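Let me begin by presenting the structure, written as structure tokens, before commenting on it.
The values are calculated or read from the model by the stated rules, or taken from the named source; none is laboratory data. Values in this document were obtained by computation on a predicted structure and should not be read as measured data. With ideal geometry, Cβ positions are generated from the backbone for all residues, glycine too; neighbour counts draw on all protein chains shown.
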Amino acid sequence: MLTLENLSFEVNDEKGEKGIIKDISLTIDDGKFVVITGPNGGGKSTTAKLIMGIERPTSGRIYFDGQDITDMSITDRAKLGISFAFQQPVRFKGVQVLDLLRLASGKKLTVAEACQYLSEVGLCAKDYINREVNASLSGGELKRIEIATVIARASKLSVFDEPEAGIDLWSFQNLIQVFERMRKSNNGSILIISHQERILNIADEIVVIADGKVVNRGTREEIMPTIMGTASAVDACSGFYDKVQ
């Protein structure tokens, strides 16, 4: 279980300190599929980075399985069972896809086992298993390889920051199927930062963050009508929602 307790994050700009995250308290229960959504610049991705330790909170605490991880490094959080998929995946010159999958899984996968993870994200394994994770790969290819590494880790908590960014429609449709399979087969929690309808529609819970605050939270049945503008409970959030046509 992940718990954010009175979490705040500020940055210094030319006008002085600016609050990005403002006293957020939030719990992600074990085995849940949760999507954080909200307007651009509202603090969604920053929240994900605070969870992974990429950014450090100005105040508040973060607990994972009852342990205070607020001051832990990214590496230590990963060892505890938290995975993170970036909005823009990292390239690793000189590292082959097979090596990356073995590193992610923590064991010496056979080629056949590694190829299975690639197949799960819609990649023809024989075309990718020995390729370097470098500039020769497109953004969509990198995204799917990164998701394959997250699946290979089988983490207690998998965090995805806007996984739909930079991929084509076919890849996005395949991505939804990947998340649905993860939801069924993985006992861990999944946390996705997104404002795409198809991802929101497979969530157990939706958290709406705007202006650095949690402004609404509930099941998809409760939250989707407010996002789609068919209810007036969260007028402040209307207008940000982007659909995939």
Do we have any residue at all in region 135-152 that's surrounded by 17 or more Cβ atoms within 10 Å (Cβ to Cβ), touching a residue at least 12 places away in the same chain (Cβ under 8 Å), in a strand (DSSP E or B) and among the acidic types (Asp, Glu)?
no
Exactly one condition in (1) surrounded by fewer than 17 Cβ atoms within 10 Å (Cβ to Cβ); (2) touching a Pro at 6+ places or on another chain (Cβ under 9 Å); (3) under 24 Å from Leu109 (Cα atoms); (4) of a type in the set (D, E, K, R) is false for Arg181; which is it?
(2)
In the set Ser105, Ser158, Ser119, which member is under 30 Å from Asp29 (Cβ atoms), among the polar types (S, T, N, Q) and surrounded by fewer than 20 Cβ atoms within 10 Å (Cβ to Cβ)?
Ser105
Exactly one of Ser194, Ser185 is modelled with pLDDT of 90 or more and among the hydroxyl-bearing types (Ser, Thr, Tyr), and that residue is Ser194
Within region 39-48, restricting to residues that are surrounded by 18 or more Cβ atoms within 10 Å (Cβ to Cβ) and out of contact with any Ser or Thr (no Cβ under 9 Å at 6 or more places or on another chain), the one that is farthest from Asp71 (Cα to Cα) is Pro39
Could you please let me know if Lys213 is more than 15 Å from the chain's Cα centre (by Cα) and without any contact (Cβ under 8 Å) to a residue 24 or more places away in the chain?
no
In this structure, does Asp30 turn out to be within 27 Å of Glu180 (Cα to Cα) and exposed (fewer than 13 other Cβ atoms within 10 Å of the Cβ)?
yes
Among what's in region 153-180 and is in a helix (DSSP H, G or I) and over 16 Å from Leu123 (Cα atoms), pick the residue that is modelled with the highest pLDDT.
Arg153
Which of the residues belonging to region 79-95 are in a strand (DSSP E or B) and surrounded by fewer than 17 Cβ atoms within 10 Å (Cβ to Cβ)?
Phe92, Lys93, Gly94, Val95
Selection from region 115-134 of residues assigned to a helix (DSSP H, G or I) and touching a residue at least 24 places away in the same chain (Cβ under 8 Å) yields Tyr117, Leu118, Glu120, Tyr128
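The rows are residues; the columns are (1) in contact with an Asp or Glu (Cβ under 7 Å, 6 or more places away or on another chain); (2) over 27 Å from Asp211 (Cβ atoms); (3) at pLDDT below 90.
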{"site": "Ile28", "(1), (2), (3)": "no, no, no"}
{"site": "Ser73", "(1), (2), (3)": "no, yes, no"}
{"site": "Gln87", "(1), (2), (3)": "yes, no, yes"}
{"site": "Gly106", "(1), (2), (3)": "no, yes, yes"}
{"site": "Thr110", "(1), (2), (3)": "no, yes, yes"}
Output the number of the condition that Asn216 fails; it satisfies all remaining conditions of (1) of a type outside the set (Phe, Trp, Tyr); (2) outside any strand (DSSP E or B); (3) modelled with pLDDT of 85 or more; (4) closer than 14 Å to Gly38 by Cα.
(2)
Pick out the one residue from Ile24, Ile36, Ile62 that is part of a strand (DSSP E or B), under 22 Å from Ile202 (Cα atoms) and either in contact (Cβ under 8 Å) with a residue 40 or more places away in the chain or among the aromatic types (Phe, Trp, Tyr) (or both).
Ile36
